[in-house]
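The values are calculated or read from the model by the stated rules, or taken from the named source; none is laboratory data. Here the structure is a predicted model, which is why all the values come from computation and not from measurement. Positions of Cβ are backbone-derived with ideal geometry, glycine not excepted, and every protein chain shown enters the neighbour counts. Heads up: the accessible areas ignore ligands, DNA and RNA and are worked out on the full protein's heavy atoms, side chains in. Shrake-Rupley method; radii C 1.70, N 1.55, O 1.52, S 1.80 Å.
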Amino acid sequence: MKTLTSLSLAALLATASFVAQAQPEYDQISRGSYIATLGDCTACHTTDATQPFAGGVKLQTPFGTLVGANITPDPATGIGNWNYDDFKRAMTAGIGHGGKRLYGAMPFTAYTKMSDADLRDLWAWMQTLQPIHHEVETNQLPFPFNIRSSLMVWNWINFDKGEFQPHPDKSAQWNRGAYLVEGPGHCGTCHTPKNLLGGDKGGQFLTGEVVEGWYAPNLTNSDHSGLGKWTTEDIVSYLRTGVNRFDIASGPMADAVSHSTQHWRDDDLQAVATYLKGGDKQSEKVPQPLPASDERMQLGAQIYASKCSACHSPGGRGEQNIFPQLKDNPLLNQSDATSLIRVVAAGSRGVNTDIRPTAPAMPSFAGVLGNDQIAAVVTYIRNSWGNAAAPVDATAVQKVKDNLQ
């Protein structure tokens with residue numbers, strides 16, 4: 001009996017020891033899964049939900065088409081032959097296995113700010129993915145953009161390598177938000193204006209850019225066209241549910257909310273809001289709104305009254321969580337009206353989230369309004385109820401329509 005008791009105790013201790021050793025591995029994989037969500041890896045690497053992370057997502061850039069790679073551990077078509085050093089170099093230096101240079105569409109310019117601990121967790125999680133044999137030709141750019149050696153010059157001009165360094169005069173929450181926005185969240189990839197080479201324009205971080213036929217708006221703390229009038233609660237609500245009083249996420253941002261931000265921890269969403277609200281209020285040249293006597297405003301007012309006011313109200317007040325308010329809305333004051341034109345012309349459906357599974361939709365008006373009429377109503381909305389922005393003409397409407405083809 002004494003021997004049996006000793007063996008049982010030994011087995012129990014061995015089991016306890018195994019659990020103690022296995023627990024960190026599970027925790028690391030769990031952390032890695034969350035980091036993949038922070039980075040929204042799904043957006044570029046999953047086209048078929050039955051083949052997660054097997055690549056194939058086409059990214060339309062001003063230079064041609066790039067395709068998201070297969071990042072499953074398949075040895076032949078994925079990253080099964082990579083080691084951690086290969087992975088870290090791709091993420092932080094833009095150099096893949098065998099020295100192949102990566103294009104900036106893979107946001108290594110942001111991921112370079114990620115900590116080694118986060119990268120190791122992410123790598124550990126990636127080793128748990130199901131290997132999927134799926135050949136992907138990532139580089140579909142035309143000559144000469146398909147020559148990867150040219151990226152040495154691109155990196156020299158546009159890339160600053162280095163891990164995120166906390167600002168000592170800022171709070172831990174602010175620094176966490178900065179890390180998320182500038183690093184794994186890679187918000188600047190869409191929201192920062194690009195130069196002729198496709199790199200970020202210096203000094204214009206998060207001030208807005210056209211991406212895939214939508215305008216990713218100004219995320220600075222400026223009052224007129226940025227987030228200055230948004231509260232931290234507005235930002236958290238938008239990222240968590242896809243909805244706040246000013247906007248309902250649609251287009252590429254709907255995908256980002258659906259795949260990524262709705263699943264972020266509350267403390268991380270609060271940190272992002274703290275960081276964005278803590279930015280300087282950059283000086284903006286605020287235009288004067290067009291007078292009501294302007295012919296475009298008069299036509300736009302007539303169209304708004306007959307087509308828009310039933311949902312958005314005569315004064316642009318909207319309906320909370322269903323129809324965004326148009327009154328005093330910084331999103332309507334963007335320097336580029338692409339998104340507003342697109343929504344009016346082609347319609348849009350808001351994002352579905354776990355909290356708000358039923359999303360409202362905006363109908364298309366391209367079949368009942370001509371380009372001049374769409375331009376007029378967009379101009380009217382951008383210059384009424386406290387808004388002020390450049391007028392839109394029929395040529396801009398046609399350009400948006402052409403990009404929808």
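For segment 294-310, a tally of residues being assigned to a helix (DSSP H, G or I) and open to solvent by less than 60 Å² (accessible area, probe 1.4 Å) returns 7.
Considered as a group, the residues in segment 215-254 that are part of a loop (DSSP other than H, G, I, E, B) and among the polar types (S, T, N, Q) include one that is most open to solvent (accessible area, probe 1.4 Å), and that residue is Thr231.
Taking the criterion of being surrounded by fewer than 18 Cβ atoms within 10 Å (Cβ to Cβ) and not polar (S, T, N, Q), would at least one residue in segment 64-73 satisfy it? Scanning segment 64-73 turns up at least one residue that is surrounded by fewer than 18 Cβ atoms within 10 Å (Cβ to Cβ) and not polar (S, T, N, Q).
The set of residues in segment 38-63 that are farther than 26 Å from Gly199 by Cα and open to solvent by less than 20 Å² (accessible area, probe 1.4 Å) contains only Ala54. Scanning segment 163-183 for residues being outside any helix (DSSP H, G or I), touching a residue at least 40 places away in the same chain (Cβ under 8 Å) and either open to solvent by 30 Å² or more (accessible area, probe 1.4 Å) or over 30 Å from Ala273 (Cβ atoms) (or both) gives a total of 3.
Can you say whether Asp280 is part of a loop (DSSP other than H, G, I, E, B) and under 25 Å from Ala394 (Cβ atoms), as far as the supplied structure shows? Judged against the criteria, Asp280 is not a match. Looking only at residues in segment 92-110 that are closer than 21 Å to Ile132 by Cα and within 26 Å of the chain's Cα centre (by Cα), the one that is least open to solvent (accessible area, probe 1.4 Å) is Gly96. For the residues Pro314, Pro287, Pro291, the requirement of being touching a residue at least 60 places away in the same chain (Cβ under 8 Å) and surrounded by fewer than 17 Cβ atoms within 10 Å (Cβ to Cβ) singles out Pro287.
The residue that is nearest to Gly300 (Cα to Cα), among those in segment 396-405 that are in a helix (DSSP H, G or I) and free of Cβ contacts under 8 Å to residues at least 24 places away in the same chain, is Lys399. Step by step: first the residues of segment 323-379, then only those that are touching a Phe, Trp or Tyr at 6+ places or on another chain (Cβ under 9 Å), buried (at least 17 other Cβ atoms within 10 Å of the Cβ) and of a type in the set (Ser, Thr, Tyr), then the one that is farthest from Val243 (Cα to Cα). Which residue is that? Of everything passing the filter in segment 323-379, Thr338 is farthest from Val243 (Cα to Cα).
Scanning segment 120-133 for residues being more than 23 Å from Glu182 (Cα to Cα), open to solvent by 30 Å² or more (accessible area, probe 1.4 Å) and touching a residue at least 60 places away in the same chain (Cβ under 8 Å) gives a total of 2.
Test Ile29 against the criterion of being under 15 Å from His134 (Cβ atoms) and at pLDDT 95 or above, and give yes or no. Considered against the rule, which asks whether it is under 15 Å from His134 (Cβ atoms) and at pLDDT 95 or above, Ile29 comes out as no. In the set (1) under 28 Å from Ala76 (Cα atoms); (2) at pLDDT below 95; (3) among the small types (Gly, Ala, Ser), Ala124 fails one condition alone, (2). Taking segment 118-130 as the range and being touching a Gly at 6+ places or on another chain (Cβ under 6 Å) and closer than 24 Å to Lys58 by Cα as the test, only Leu122 passes.
What are the residues in segment 340-371 that are in a loop (DSSP other than H, G, I, E, B) and over 15 Å from Lys307 (Cα atoms), if any? Listed by number, the residues that qualify are Gly350, Val351, Asn352, Thr353, Asp354, Ile355, Arg356, Pro357, Thr358, Ala359, Pro360.
Would you say Asp268 is over 27 Å from Ala346 (Cβ atoms) and out of contact with any helix residue (DSSP H, G or I) (no Cβ under 9 Å at 6 or more places or on another chain)?
Details: over 27 Å from Ala346 (Cβ atoms): yes; out of contact with any helix residue (DSSP H, G or I) (no Cβ under 9 Å at 6 or more places or on another chain): no.
No, not satisfied.
Among the residues of segment 142-162, the ones that are without any contact (Cβ under 8 Å) to a residue 24 or more places away in the chain and open to solvent by 80 Å² or more (accessible area, probe 1.4 Å) come to 3 in all.
Conditions (1) touching a residue at least 40 places away in the same chain (Cβ under 8 Å); (2) surrounded by fewer than 19 Cβ atoms within 10 Å (Cβ to Cβ), marked per residue:
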site: Glu135; (1), (2): yes, yes
site: His191; (1), (2): no, no
site: Asn195; (1), (2): no, yes
site: Gln204; (1), (2): no, yes
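Could we say that Thr207 is part of a helix (DSSP H, G or I) and of a type outside the set (Asp, Glu) here? Please lay out each step first, then the result.
Numbers: part of a helix (DSSP H, G or I): no; of a type outside the set (Asp, Glu): yes.
Criteria not met by Thr207.
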